[in-house]
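The values are calculated or read from the model by the stated rules, or taken from the named source; none is laboratory data. Small disclaimer: the values here were computed from a predicted structure and weren't measured. Here the Cβ positions follow ideal geometry from the backbone for every residue, glycine too, while neighbour counts run over all protein chains shown. The area values use the complete protein model at the heavy-atom level, side chains included, leaving out ligands, DNA and RNA. Shrake-Rupley method; radii C 1.70, N 1.55, O 1.52, S 1.80 Å.
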Amino acid sequence: MASDSAEIEQQLVEILVAFLGGARDISRDTDLIADLHLESVQVMEFVVEVEDHYDIAIDLDTLSEARTVSDLAAIVAGAGGA
Amino acid sequence: MGLLDKFKPVQAMSKALSSAGGDPTKVVLEKLLSATEAIIGGRQTILAGTNNYLGLTFDSSCIAAGQRALAAAGTGTTGSRMANGTFSEHLALEGELAEFYGYPFGMVFSTGYAANLGTLSALAGPEDVVFLDSDAHASLYDGCRMSGAAVYRFKHNDVSSLEKRLRRLSDKAANALIVVEGQYSVLGDRAPLAEFARVKREYGAYLFVDEAHSLGVFGKTGRGVVEEAGVLDEVDFVVGTFSKSLGSIGGFCVSPHRELTLFRYASRPYVFTASPSPATVATTRQALHQLRTQPWLREQLWRNARHLHGGLEALGLQLGPEVSPIIAVRFEQSDLAKAHWTALLELGVYTNLMLPPATPAGSSLVRCSVTAAHTSQQIDSIIEAFKSVRDASLPLASQR
């Protein structure tokens, strides 16, 4: 059961802030690599947290299409994240 | 953006590596003196970062076997086995590997990287699902990508993380392939293979184990973590390399599945690569013989591993999770790790520097690997070098 897209985006921001270990200026348009300077390995680690939060599984090809929080939210919604 | 502009960040990284002392990617072994010593920077140096676990690179019987093969069969095969023919020694090595593991199938590749690429890309396809340990080697990632399968990562060595993902995908994960390593190369920690085998059974999946760093190191007869964990009859695919404990170059896949003979047609990294040279095959076969008939090599390896681990632990250094021939010293800051690596090299001890993002949990490591050929005195010298560097760097560390 998918939540509202904006709600998922907000939840992802909270998970991301916790993953990064503190408050950061993050919005739905934040680019995980260009803005936060995350390495691809770190993005994958973050997504494991996201998968566990929503009880979903995201394959690496699908993940490679996500650059922003908003992109990831769309993937989570498509995977049935609630 | 120009075609080559993408290398600018790499150039910056290379400059940063070179900025303070030596660059670990540019170390030149000017002359090899033995399996454990070389001349580096004009200095006699103990090699403590080679993965040469059984110390067989200078084994006289392996060298003689290679020399005989060079004289008898020439310098190279000059082509792929599918197009240019198989040498009888290729088949002999494949048969010996299969027999060693007690499986009906064995296949040899030209490198360990090609073995993972060639096996995974042929095994899985776009309709398949692969579950991959998050700390898996790049060759496993690349093989999965080449297969076109849907690839899902699970937390390193975390069986429940794997099970959750199998459950979430439900029917889609039927016949899934689970890909793990026996021993992980950076920290030397082992996979809980018995647990992974249980999950494989429960979900009807297949289990693939990369034993690159385990062959000749673990198990009563040296068959790796699959033997130590008692899962030889549950694993579907064992892949390994000749470039570590066997002191040669190449890779292999062995399996209880006879159907894999068709791999020879389906595996592009096998079909389109020149086959291993006669000398390579001959030294590998002899090294495998040594591994099987000289168990004292493994015993000596573990004595040396315990010696070095105990010595470094006594210095108060932060080490990896297990005692093993891979001994990784952790540092809080990457520049401290680099300073240690550089100072050790200047003291005549070659180790491996490993920095984020190529390390688990973003840690910075000076990684040592022990061989059976190290003498007790050499191990003491390595410990003494670490002590000297630690003592010299304490003021630096305390300023942070």
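Under the classification rounded if a/c is under 1.5, otherwise prolate if a/b is larger than b/c and oblate if not, where does the stretch B:1-95 fall, given a ≥ b ≥ c as square roots of the Cα gyration tensor eigenvalues? It is oblate, given that a/c is not under 1.5 and a/b is not larger than b/c. Along the Cα-to-C-beta direction of A:S64, a point sits 7 Å from the Cα; which residues of the stretch B:129-166 have their amide N less than 13 Å from that point? Zone members listed by number: B:141-152.
Counting Lys +1, Arg +1, Asp -1, Glu -1, what net charge surrounds A:I33 among other residues with beta carbon under 15 Å of its beta carbon? Summing Lys and Arg as +1 and Asp and Glu as -1 gives -4. Distance from the Cα centroid of the stretch B:38-57 to that of the stretch A:8-36 is 45 Å (rounded to whole angstrom).
Length, then width, then depth: along the principal axes, the Cα atoms of the stretch A:2-78 run 27, 24, 19 Å.
One equal scatterer on each Cα of the protein assembly as shown, no solvent, Debye formula: the resulting log10 I(q)/I(0) at q = 0.11 Å⁻¹ is -1.01.
Add +1 for every Lys or Arg and -1 for every Asp or Glu among the other residues with Cβ under 13 Å from the Cβ of B:T25, and state the total. So the surrounding residues net to +2. Roll a 1.4 angstrom probe over the protein heavy atoms and tell me the percent of accessible area of the stretch A:2-78 that is carbon or sulfur. Looking at the stretch A:2-78 in its full context, I get 46 percent from C and S.
Note on exposure: B:H90, B:H289 ranked by accessible area (1.4 Å probe, complete protein assembly) read B:H289, B:H90, with the most exposed listed first. Label-to-label distance for A:A74 and A:D52 is 2.8 nm, based on points extended 7 Å past Cα in the beta-carbon direction. In the full protein context, chain B carries 42 Å² of accessible surface per residue, based on a 1.4 Å probe and ignoring ligands, DNA and RNA.
Between B:V323 and B:M1, the FRET efficiency from the beta-carbon distance, with R0 = 60 Å, is close to 0.80. Using heavy atoms of the protein chains and a probe of 1.4 Å, the accessible area assigned to B:S88 is about 80 Å².
All alpha carbon pair distances within chain B were sorted into 10 Å bins beginning at 0; the resulting P(r) in whole percents reads 5, 21, 30, 27, 15, 2, 0.
A dipole drawn for the protein assembly as shown from +1 and -1 charges on Cβ atoms has a positive end, and of B:T221, B:I379, B:I39 the residue lying farthest that way is B:I39.
With the whole protein complex present, A:H37 retains an accessible surface near 140 Å², based on a 1.4 Å probe.
Take each peptide in A:9-17, B:48-56, count the other Cβ atoms within 10 Å of every residue, and average; sorted highest first, the result is B:48-56, A:9-17.
The magnitude of the dipole of chain B, with charges of +1 and -1 set on the Cβ of Lys/Arg and Asp/Glu and taken from the Cα centre, is near 540 debye. Take each residue in A:51-61, count the other chain C-beta atoms within 10 Å of its C-beta, and the mean is 6.
Over chain A, what is the relative contact order in percent, taking alpha-carbon pairs closer than 8 angstrom and at least six residues apart? Dividing the mean separation by the residue count of chain A yields 45 percent. In chain B, the calculated helix contribution to ellipticity at 222 nm averages -13000 deg cm²/dmol per residue, counting -39,500 (n - 2.57) for every DSSP H run with n ≥ 4.
In terms of distances greater than 32 angstrom between alpha carbons, the cross-link table entries B:K26/B:K244; B:K8/B:K200; B:K164/B:K338 yield B:K8/B:K200; B:K164/B:K338. In order along the stretch B:199-213, the Karplus-derived 3J(HN,Hα) couplings, from 6.51 cos²θ - 1.76 cosθ + 1.60 at θ = phi - 60°, round to 4, 4, 5, 5, 9, x, 9, 10, 10, 10, 10, 8, 10, 3, 9 Hz, and Gly and Pro are given as x.
For the pair B:S134 and B:R268, the difference between a 0.36 nm per residue extended length and the Cα-Cα distance amounts to 45.7 nm. Measuring heavy-atom accessible area with a 1.4 angstrom probe and counting protein chains only, none of the residues of the stretch A:23-45 gives up at least 50 Å² relative to the chain alone. Between amide H atoms placed 1.01 Å from N, distances below 5 Å from B:F131 occur with B:Y152, B:L177, B:I178, B:V179, all of them 5 or more places distant or on a separate chain. Using the Cβ of B:L54 as centre and a radius below 15 Å, the other residues enclosed give a net charge of +3, where K and R count +1 and D and E count -1. Taking the stretch B:188-205 and a reference point 7 angstrom along Cα→Cβ of B:E127, the backbone N atoms nearer than 18 Å belong to B:205.
Remark on the stretch B:354-380: accessible area falls by at least 10 square angstrom from chain-alone to full-complex state for B:P357, probe 1.4 angstrom. Take each residue of peptide B:130-138, count the partner chain Cβ atoms within 10 Å of its Cβ, and average: the result is 1.
Looking at chain A, the accessible area is 49 square angstrom per residue; that uses a 1.4 Å probe and ignores ligands, DNA and RNA. Accessible area of B:V27 (1.4 Å probe, protein heavy atoms only, ligands and nucleic acids ignored): about 40 Å². Note on exposure: B:W341, B:W302, B:W296 ranked by accessible area (1.4 Å probe, complete protein assembly) read B:W296, B:W302, B:W341, with the most exposed listed first.
For a paramagnetic label modelled on B:A92 (point 7 Å from Cα along Cα→Cβ), amide N atoms under 20 Å away belong, within the stretch B:285-303, to B:285-294. Sort out for me the Cα centre separation of the stretch B:62-112 from the stretch B:341-393, rounded to whole Å. The stretch B:62-112 and the stretch B:341-393 have Cα centres spaced 35 Å from each other. Annotation for the B:A interface, with buried accessible surface near 1400 Å², both sides summed [1.4 Å probe; non-protein components not counted]. For the pair the stretch B:137-192 and the stretch B:290-321, the centres of their Cα atoms are 29 angstrom apart.
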